[in-house]
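The values are calculated or read from the model by the stated rules, or taken from the named source; none is laboratory data. Because the structure is predicted, anything quoted here is derived from the model rather than measured. Here the Cβ positions follow ideal geometry from the backbone for every residue, glycine too, while neighbour counts run over all protein chains shown. Just so you know, the surface numbers come from the protein's heavy atoms only, side chains and all, with ligands and any DNA or RNA stripped out. Shrake-Rupley method; radii C 1.70, N 1.55, O 1.52, S 1.80 Å.
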Amino acid sequence: MDYRALGRTGVKVSRLCLGTMTFGEQNSEAEGHAQMDYALDRGINFFDAAEIYPIPPKPETQGRTEAIIGTWLAARKSRDKVVVATKVAGRGKMIWLRKNEPATRQSPGQIMEAVEASLKRLKTDHIDLYQLHWPDRPMRIFEGLDYLHLEGEGHPIGDILGAFGKLVSDGKVRFIGLSNETPWGVMSFLTAAEQRGLPRAASIQNAYNLVNRSFEIGLSEVAYREEVSLLAYSPLGQGYLSGKYEGGALPPGSRKALFARLGRYEKGNGPKAISAYIEVARRHGLDPAQMAIAFAASRPFVTSTIIGATTMDQLKTDIAAADLTLSDAVLADIEQVHLDYPNPCP
Ligand SMILES: NC(=O)c1ccc[n+]([C@@H]2O[C@H](COP(=O)([O-])OP(=O)(O)OC[C@H]3O[C@@H](n4cnc5c(N)ncnc54)[C@H](OP(=O)(O)O)[C@@H]3O)[C@@H](O)[C@H]2O)c1
């Protein structure tokens, strides 16, 4: 495992980060603990959670993921060995997250309420990386590449950063990060932070994988030049790039079999692109999941790639991808598929 700088924080995080959003739904507490033990043993020092997890978000399970991490941190006495990242929800309708609010927003009051609840579940007095899960301003996310302007404003970025500034000065949060952001959003946060002497975003957590390289259109330069670390999520396209759903297969217990939320991988050129990448892997004698993870992890603008697994076998395969270097021939074949089917699953 090698380690890379998290933005300008001076902290180094492993090139693979353990995603935890299956803990408390597809994975039990004991399985989550076993995953964290194994990941730490293999050199992973970075865990990612969110207040809304596990997925799919539901009032009856909300918070279980952070609670499972919390019992692990307490039982293993390993708080100082891991960089713990979590997130506060953006504008939305998951009203069960807040006590007395009609909607989730990133108002300073809601941020304070969210962080206290996360700290309690995580059984810690500080969060290393506290991220805005998605923006507070109205915008279309998780739904395509084209820009669609939605009227309305979010909470002023200065107010959001002001809340973060207080959390940092109180010692409850060390660093802050963005997620599901655009180039305009990242630059606005950086500018406001610099002008007001408030915390600077260390990272941006966006989807990045073989069938969704939209980060490269605009955001990769921002990440690279501004030293805002990309934490790349869904490197397997939620499992599709492992090949498990090829030929109409539907493995029992898989995310697709359990939850009908994966339509983005089955539209347009998505299935053709996915099959073509799997064919590239097989032609070169590679495991398709390992090729997909190694691709994301080897991009120069990616700091850490957030993997997720529901079995120990998957986790072992995925973590071993950290040792895989893709040859020029593999990268050339990947590039050809990308040219044939650019970003079919944004
Ligand atoms: N900021 C955000 O909005 C956001 C959004 C999504 C994710 N994330 C973060 O990123 C993490 C990873 O996201 P993700 O789960 O979508 O990542 P992913 O790597 O694209 O998909 C992981 C899923 O694929 C399947 N899988 C994993 N390894 C496999 C293998 N070797 N062979 C076959 N199937 C395999 C497992 O699901 P099944 O066993 O169910 O098939 C696993 O849960 C999350 O835990 C979370 O921390 C953040």
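Things worth noting here:
- 12 Å beta-carbon shell around Gly308, net charge (K/R +1, D/E -1): -2
- Residues of the stretch 169-200 with amide N under 19 Å of a point placed 7 Å along Cα→Cβ from Glu101: 172-173, 176-181
- Summed side-chain charge close to Gly165 - residues other than Gly165 whose Cβ falls under 12 Å, Lys, Arg +1, Asp, Glu -1: +2
- Crossing angle, helix 288-297 versus the chain [Cα axis fit, 0-90 degrees, rounded to tens]: 50
- Stretch gain in nm, segment Asp170-Asp146, where the contour uses 0.36 nm per residue and the Cα spacing is subtracted: 4.6 nm
- Normalised by the number of residues in the chain, the average gap of Cα pairs under 8 Å and 6 or more apart makes the relative contact order 17 percent.
- Here the label points at Ala30 and Gln336, each 7 Å from Cα along the C-beta direction, are separated by 4.9 nm in the simple model.
- Packing around the peptides 210-216, 3-9, taken as the average count of other Cβ atoms within 10 Å per residue, puts them in this order, highest first: 210-216, 3-9.
- GNM flexibility winner over the chain from Ala74, Ala273, Ala289 (Cα, springs under 10 Å): Ala74
- Reachable lysines, given that their alpha-carbon falls under 16 Å from the alpha-carbon of Lys81 and they are not under 8 places away in the same chain: Lys12, Lys123
- Just checking the listed ones, Ala49, Ala322, Ala30: in the Gaussian network model of the chain with Cα springs under 10 Å, the one fluctuating most is Ala30.
- For the stretch 1-67, the carbon plus sulfur part of the accessible surface works out to 46%, probe radius 1.4 Å.
- Candidate residues Trp72, Trp134, Trp96: accessible-area rank, largest first, probe 1.4 Å: Trp96, Trp134, Trp72
- Each distinct pair of alpha carbons in the stretch 1-121 adds a 1/r term; the inverse of their mean, the Kirkwood radius, is 15.1 Å.
- Surface composition of the stretch 86-217: carbon plus sulfur atoms contribute 55% of the solvent-accessible area (1.4 Å probe, protein chains only, all chains present).
- The Cα trace of the chain gives Rg and Dmax of 19.1, 57 Å, the first to one decimal, the second as a whole number.
- Residue-count net charge about Arg121 - beta-carbon cut-off 12 Å; Lys, Arg +1, Asp, Glu -1: 0
- Between the stretch 237-253 and the stretch 89-124, the alpha-carbon center distance in angstrom: 34
- For the stretch 254-346: accessible area per residue (Å², 1.4 Å): 44
- Computed FRET value (nearest 0.05) for Arg261 with Thr71, which takes r as the C-beta separation and R₀ as 22 Å: 0.20
- In range of the label at Ile217: residues from the stretch 109-144 whose backbone nitrogen is under 13 Å from the point 7 Å along Cα→Cβ: 143-144
- The listed peptides 242-254, 117-129, ordered by packing as a protection proxy, come out as 117-129, 242-254 (highest mean of other Cβ atoms within 10 Å first).
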